[in-house]
1. For the chain, what is the convex hull (Cα atoms) projected area averaged across all directions, in square nanometres?
2. What is the helix-to-structure angle for 44-54, meaning the angle in degrees between its Cα long axis and the longest Cα principal axis of the chain, kept from 0 to 90 and rounded to the nearest 10?
3. Can you compute the helix-only [θ] at 222 nm over the chain? Use -39500 (n - 2.57) per DSSP H run of at least 4 residues, normalise by all residues, nearest 500 deg cm²/dmol.
4. With +1 on each Lys and Arg Cβ and -1 on each Asp and Glu Cβ, how big is the dipole of the chain about its Cα centre, in debye rounded to the nearest 20?
5. What's the ranking of 22-33, 49-60 by average number of surrounding C-beta atoms within 10 Å, highest first?
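Throughout, read-outs are computed from the coordinates displayed, never taken from laboratory work. As the structure is a computational prediction, the values presented were derived from the model and not from experiment. Reconstructed Cβ throughout: ideal geometry from the backbone, glycine too, with neighbour counts over all protein chains shown.
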Amino acid sequence: MGCIVNGPGEMADADYGYVGTGVGKITLYKEKEVVQRNIPSEDAVNALIDLIKMNGDWVAPSS
């Protein structure tokens, strides 16, 4: 979503997202709320998808 300085503010307009918070780490958000911190960046996409699915908002891509 952006850098550690601007990212949290940019999350105000997003349903879900993550922001880089240091070397190799991200923070996961649902709207403006921090859901989880210090997620390894290699796990970021899967963590985001899992969060969306847990909240019932996941729509599977059409094949």
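1. On the way: hull surface 18.0 nm².
Mean shadow area of the hull around the Cα atoms is 4.5 nm².
2. With rounding to tens, the tilt is 50 degrees.
3. Details: 2 runs with 15 residues, N = 63.
The helix-only estimate for the chain comes to -6000 deg cm²/dmol at 222 nm.
4. Numbers: 5 positive and 9 negative charges, 33 e Å.
It works out to roughly 160 debye.
5. On the way: 22-33: 15.6, 49-60: 11.2.
Ranking the peptides 22-33, 49-60 by packing returns 22-33, 49-60.
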